[in-house]
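For reference, the structure is listed below as structure tokens.
The values are calculated or read from the model by the stated rules, or taken from the named source; none is laboratory data. Predicted model, so just to flag it, every value in this text is computed and none were measured. A quick note on method: Cβ atoms are made from the backbone with ideal geometry, for glycine too, and the neighbour counts reach across all protein chains shown.
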Amino acid sequence: MEFEHSPKVRELQQRVAAFMEEHVYPAEERFHEEIQANRKAGNAWVPTRVVEELKSKARAEGLWNLWLPESEYGAGLRNHEYAPLCEIMGRSHIGPEAFNCSAPDTGNMEVLVRYGNEAQKREWLLPLLDGRIRSGFAMTEPAVASSDATNIEARIERDGADYVLNGRKWWTSGAGDPRCKVLIFMGKTDPQGTDRHRQQSMILVPMDAPGITVRRQVPVFGYDDAPHGHSEIDFVDVRVPAANLLLGEGRGFEIAQGRLGPGRIHHCMRLIGAAERALELMCRRAIGRVAFGRRLAEQGVWRERIADARLKIDQARLLVLHAAWKMDVAGNKSAQKEIAMIKVVAPNVACEVIDQAIQLHGGAGVSDDYGLGWLYASARTLRIADGPDEVHRNHIAKFELGRYLTR
């Protein structure tokens, strides 16, 4: 593994970082003001003008769809080349969307690139790549432990030229956005099948299909993430053409694994960026605040915590870059252990660093004035999303034990 980024990646790092400094960070306050104004007007679920302006600027500067590897549609960057750019974007909650590099659209576009047919790509992939629409991923269900996806109860049943969908989903991120036009829905086409990992399929569902009811937007520690949202949705006799099925019946788990590998890299690098932002805030606060006659930066306890934060962030970054590199050279399947490792480490490191930043800020840390509450809520959620820590730890242990069981 090379530890130095290529000239192409270094140039993109500089350009993305400069764009963030010039455009994204200054727009954060305006974003919140616009959301609050929409909320007071009676509807927070409206796309913000400020993010649309950022998207136009990023596209004009050629900083668009940087995330998609091995494809005619993206920038041609491999996972380990995109990772440091994703980190920079992750320093701001509005950063990823500005570059059309935000979840769940990146994962859904990757599914369409890998597994979609030409008609599906024309109808859904191209508008997503263009930033004209958004999408959602409907997998998790409130009635079952969805960390074991074989528990999923939603049904996809063939009826002539159509499939009929029934089930309730939640944490369908992005479905609250009025620009969300399509969902990728996971359900069982063969619930009695002997292979539990071949019972599930995935299908494309237009958001305006009859029978879809958005029951509510589920808050994350009180944040509704408008206009993005995390929707709880009922699907009652939702009828979609059979041509909307992805790859074929029984291929749902295969698609999920292909989707979640790169998505986890993206989440983890964004978390590194969030932790870096929190550390920066912590250092600036420590230098600028005096307590008990000394600046916080001169007090041993905070020097130790700042040092620990730097150590943890850099360790996590190297682990994530290694996983991304292994995905590139050996494939997603061969990098399963490394992907599981970063999915445990990165959210925990981010939570620890952000928590210390909150502590150093005192009362200001638990307000919304510095954005630390939102950063913590997002990082803590990712100890559950895309598989909880316990599932990934179990996976890692199986790999380790397997090295000795075969001897």
Looking only at the stretch 243-258, and only at residues there that are at pLDDT 90 or above and part of a helix (DSSP H, G or I), the one that is nearest to D190 (Cα to Cα): G252
Qualifying residues in the stretch 110-161 (those that are among the aliphatic types (A, V, I, L, M) and in a loop (DSSP other than H, G, I, E, B)) - the one surrounded by the fewest Cβ atoms within 10 Å (Cβ to Cβ): A161
Just one of (1) touching a helix residue (DSSP H, G or I) at 6+ places or on another chain (Cβ under 6 Å); (2) touching a residue at least 24 places away in the same chain (Cβ under 8 Å); (3) of a type outside the set (F, W, Y); (4) buried (at least 19 other Cβ atoms within 10 Å of the Cβ) trips up N100, so point out which. (1)
Search the stretch 58-70 for residues being surrounded by fewer than 17 Cβ atoms within 10 Å (Cβ to Cβ) and under 24 Å from N108 (Cβ atoms), and hand back the single one that is modelled with the lowest pLDDT. E70
Which is under 30 Å from E390 (Cβ atoms), buried (at least 21 other Cβ atoms within 10 Å of the Cβ) and of a type in the set (D, E), of D177, D105? D105
Evaluate the stretch 255-265: report whether one residue or more is farther than 30 Å from H32 by Cβ, touching a residue at least 60 places away in the same chain (Cβ under 8 Å) and among the basic types (K, R). yes
Looking at the stretch 43-64, which of its residues are under 24 Å from L85 (Cβ atoms) and of a type in the set (F, W, Y)? W64
Residues located in the stretch 1-19, provided they are part of a helix (DSSP H, G or I) and free of Cβ contacts under 8 Å to residues at least 12 places away in the same chain: P7, R10, E11, Q14, A18
Members of the stretch 297-313 found to be over 19 Å from E276 (Cα atoms) and part of a helix (DSSP H, G or I), listed by number: E298, G300, V301
Only one residue in L281, L271, L319 is surrounded by fewer than 20 Cβ atoms within 10 Å (Cβ to Cβ) and in a helix (DSSP H, G or I), so which one is that? L319
Note on the stretch 379-394: residues touching a helix residue (DSSP H, G or I) at 6+ places or on another chain (Cβ under 7 Å) and at pLDDT 95 or above are A379, R380, L382, R383, D389, H392, R393
Can you name the residue in the stretch 353-407 that is assigned to a helix (DSSP H, G or I) and aromatic (F, W, Y) and, of all such residues, is nearest to I339 (Cα to Cα)? F399
With respect to D237, determine if the residue is surrounded by fewer than 14 Cβ atoms within 10 Å (Cβ to Cβ), of a type in the set (D, E, K, R) and not assigned by TED's automatic domain parsing to the domain that holds A377. yes
Inside the stretch 214-230, can you point out the residues that are of a type in the set (G, A, S) and either surrounded by fewer than 18 Cβ atoms within 10 Å (Cβ to Cβ) or more than 23 Å from A37 (Cβ to Cβ) (or both)? G222
